[in-house]
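Written below as structure tokens is the structure these notes are about.
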Amino acid sequence: MALVTTFLTGLRKYVLSQDVYALRNWLKIEPTSAGTIYFELAQELKTGLPRKGDALISLVDKCLPEEDDVPEGKGSPWPGLNSFMKEYLEYWRDTDFNDMVSSYQHLSSLLNACANAFANPTYGMMMLQTAVSISESLSRVIMTINRQPTLLAKIQNEMSTEEGMEKKSIVELAADLIQKMFTSCLTDRTSGRYARPQGKKTAVYTFANITLKLLFACGKSRIAVQMLTNLAAQGPALSLFPASQRVTFLYYLGRFNFDHCDYFRAHMCLQEAYRQCRPEFTSHRRRILTYWIPSNLMLARFPGPALLQRPEAEDFADIYLPLCNAARTGNFVTFQHAMQRARPYLWARGLYLHLTNLKPLVWRSFTRRIFRLTWTMPHDDAADAAASAMGATAPTAAPTLDFHHVVAAALYVQKLLEGWVPAKPPARRGPPPPHVSSVFIKAVTNSSDGTGGGGGDGAQLVPPPGGPRKLKPAEGLIYGTLKPTADKVEGILASLVYAGLLNGYVARAQQKLGVEGARRFGGDAVRAGWPVPHESIVARLREDHEDMVRRYEAGETPDHPGRFEDVPGWVGDNTVTTWG
């Protein structure tokens with residue numbers, strides 16, 4: 001056992017001097033970066049120290065005896081370190097590095113032993129860099145296994161669960177181990193919360209980032225809730241840490257909020273991550289933009305040419321500009337074509353289902369165009385004359401949008417989405433129903449793109465050869481092939497009013513939407529009824545936040561929601577944010 005003894009003796013030297021980085025370099029984990037000496041060490045262990053018996057731990061204890069009188073600034077082996085070294089030597093002796101399952105099993109055991117050694121309040125800090133190294137190695141192995149369903153199923157089947165215990169995936173088990181060390185760092189009292197971090201606290205965001213990277217790579221971001229909650233309650237200020245850790249954490253925190261449909265908080269995190277990421281790191285900035293742009297789309301903020309022309313935004317214009325144009329113009333056909341064309345890219349990044357929720361913005365612009373086509377200011381000459389004689393202004397009725405006008409346009413667009421095509425020559429029509437504007441019907445039927453914008457040849461639509469397309473739920477105007485009706489349109493308009501995208505009220509008996517506030521805009525009913533969507537969305541979010549503050553002040557909820565600008569998990573300078 002000469003080689004094993006020499007290896008442990010060399011390790012003892014670094015332990016006594018508390019050389020954290022030398023200890024990490026001595027304890028190689030990855031076989032690709034280890035020298036031949038480690039494989040010779042493994043061979044000696046296989047031939048001289050069989051798996052059964054206590055010979056290995058006895059040798060470790062002999063080579064790493066605990067010091068009785070430790071001088072100031074020096075270290076000493078401790079029981080947790082010896083247990084870890086036993087696992088480390090077994091890792092090199094027993095692991096088949098060509099077998100991902102074997103690598104996962106032994107790395108998991110090694111990380112668990114490392115976490116126990118790291119928890120030592122006196123000397124655990126010596127294991128910091130080694131713990132980071134093992135955590136990264138285990139994460140890489142799990143991410144590789146997660147992409148191979150056969151291997152994943154094999155491991156899950158082999159995992160035995162004690163009776164009464166919850167069965168967890170390999171991702172959850174690894175995240176628990178890494179978060180165990182994260183908690184050790186978070187609760188370390190070497191430095192105060194808002195003081196410059198020292199000791200284990202320097203690695204709080206390192207372990208947080210490793211955990212978040214693993215969870216997002218394996219589609220398990222929901223597991224991060226508890227870690228982010230603890231970070232919000234006890235974590236040190238993010239600004240005290242290196243830029244690389246800040247940018248990485250804000251990127252994952254932004255993605256976490258995006259996954260949970262909190263697009264405003266996602267925007268704030270990703271915007272700051274992009275701002276702090278230096279321009280030369282093009283691939284990093286591109287990764288941030290991948291989620292920052294969609295976050296802003298959901299807030300009705302569209303990317304400008306200056307952003308889309310940057311190197312990190314290459315090809316993004318082809319993906320997002322058609323969606324933006326469709327939302328601006330209310331063109332459902334263009335919107336669905338753009339979504340289908342970009343589907344492989346969007347689906348691979350978890351964006352597709354989120355961006356289907358842009359349809360309310362398309363509906364907003366769609367109804368706005370219909371209103372501009374159909375509404376005219378009513379004039380009552382007699383009332384105007386009477387009011388003028390009295391030196392007053394004649395009262396005017398609120399501008400309205402007729403549900404039936406919306407239904408007529410929506411039915412036409414639904415047919416376009418199902419693949420209906422113009423018939424030539426167009427068939428003659430009878431007079432429109434009395435509640436539908438003849439001018440509007442002409443405008444709709446003269447449009448071949450479904451927006452009422454003209455440019456067609458007056459053709460009616462007929463089913464395509466082979467019949468209409470069977471639409472998926474998200475591909476239809478409302479839901480698949482469901483036909484628009486007055487009741488469905490009423491519900492959509494009411495939801496737009498509630499969201500702040502329309503300013504008005506539903507007059508159900510009259511089957512109309514009344515537009516409010518036209519007088520404040522000099523009679524401009526379009527500006528009054530269809531406010532700037534981004535401003536409306538943010539205003540509604542502020543109202544919701546103010547309502548949570550009022551409920552807290554009334555004693556209805558136990559936790560203060562914090563400031564509107566706070567993001568739970570993002571610890572500012574002398575600022576405590578809560579989860580909510």
Handout entry: MRE, 222 nm, helices only [DSSP H, n ≥ 4, -39500 (n - 2.57), over the chain, to nearest 500]
Key = -17500 deg cm²/dmol
Practice task
Quick one: P(r) of the range 23-78 from all Cα-Cα pairs, 10 Å bins, percents rounded to integers, in order of increasing distance.
Solution key: 18, 35, 34, 12, 0
Handout entry: Förster-model FRET efficiency, 25 Å R0, D69 and N120, C-beta, rounded to 0.05
Key = 0.85
Problem - Estimated distance in nm for a label pair at E535 and Y552, the labels positioned 7 Å out from Cα along Cα-to-Cβ - result: 2.8 nm
Practice task
Report, in debye and to the nearest 20, how large the dipole of the range 39-155 comes out about its Cα centre when Lys and Arg carry +1 and Asp and Glu carry -1 on their Cβ.
Solution key: 620 debye
Exercise for the section: Would you work out which of P468, G48, Y505 lies farthest towards the positive end of the dipole of the chain, given +1 charges on the beta-carbon of Lys and Arg and -1 on that of Asp and Glu, about the Cα centre? Expected result: P468
Completion exercise
With a 18 Å threshold on alpha-carbon distance, the violating pairs from K180/K201; K180/K200; K28/K180; K52/K180 are K28/K180; K52/K180
Fill in the blank from the handout: Evaluated at 10 °C and 1.306 mPa s, the Stokes-Einstein D of the range 1-138 based on the Kirkwood radius over Cα pairs, in µm²/s, stands at 105 µm²/s
Fill in the blank from the handout: The local net charge around R12, scoring Lys/Arg +1 and Asp/Glu -1 for residues other than R12 whose Cβ lies under 14 Å from its Cβ, equals -1
Exercise for the section: Would you work out the charge dipole size for the chain about its Cα centre, treating the Cβ of every Lys and Arg as +1 and the Cβ of every Asp and Glu as -1, and quote it to the nearest 20 debye? Expected result: 1820 debye
Handout entry: Long-range Cα-Cα pairs in the chain (distance over 31 Å), rounded percent
Key = 63 percent
Practice task
Report, ordered by chain and residue number, the aspartates and glutamates lying within cross-link reach of K359, taken as a straight Cα distance under 13 Å and ignoring same-chain residues fewer than 8 apart.
Solution key: E475
Handout entry: At most 13 other Cβ within 10 Å, DSSP loop - GluC sites (Glu not before Pro), the range 97-175
Key = E162, E163, E166
Problem - Between helix 204-217 and the chain: long-axis angle, C-alpha atoms, 0 to 90°, nearest 10 - result: 60 degrees
Completion exercise
In whole percents, the bins of 10 Å from zero upward hold the Cα-Cα pairs of the range 72-156 as 17, 44, 26, 10, 2, 0
Completion exercise
As straight-line cross-link partners of K62, the qualifying aspartates and glutamates (C-alpha separation under 13 Å, not fewer than 8 residues apart within one chain) are D54
Handout entry: Principal axis box of the range 157-274, alpha-carbon based, largest edge first, Å
Key = 45, 36, 21
Practice task
Would you mind getting me the FRET efficiency between F281 and R519? Use the beta-carbon distance for r and R0 = 45 Å, nearest 0.05.
Solution key: 0.30
Completion exercise
Restricting to aspartates and glutamates and to Cα separations under 14 Å from K472, and discarding same-chain partners fewer than 8 apart, the set is E418
Exercise for the section: Note down the net charge around S139, summing +1 for each Lys or Arg and -1 for each Asp or Glu among other residues with Cβ under 15 Å from its Cβ. Expected result: +1
Practice task
Using only Cα positions of the range 316-355, each an equal point scatterer, no hydration layer, compute I(q)/I(0) via Debye at q = 0.14, 0.35 Å⁻¹ and quote the log10 values to two decimals.
Solution key: -0.26, -1.21
Fill in the blank from the handout: Within the under-15-Å Cβ sphere about F371, not counting F371, Lys/Arg +1 and Asp/Glu -1 give a net charge of +3
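Quick note: the coordinates plus some simple rules give every number you see, no bench work behind them. Keep in mind the model is a prediction, meaning the values are calculated, not measured. A quick note on method: Cβ atoms are made from the backbone with ideal geometry, for glycine too, and the neighbour counts reach across all protein chains shown.
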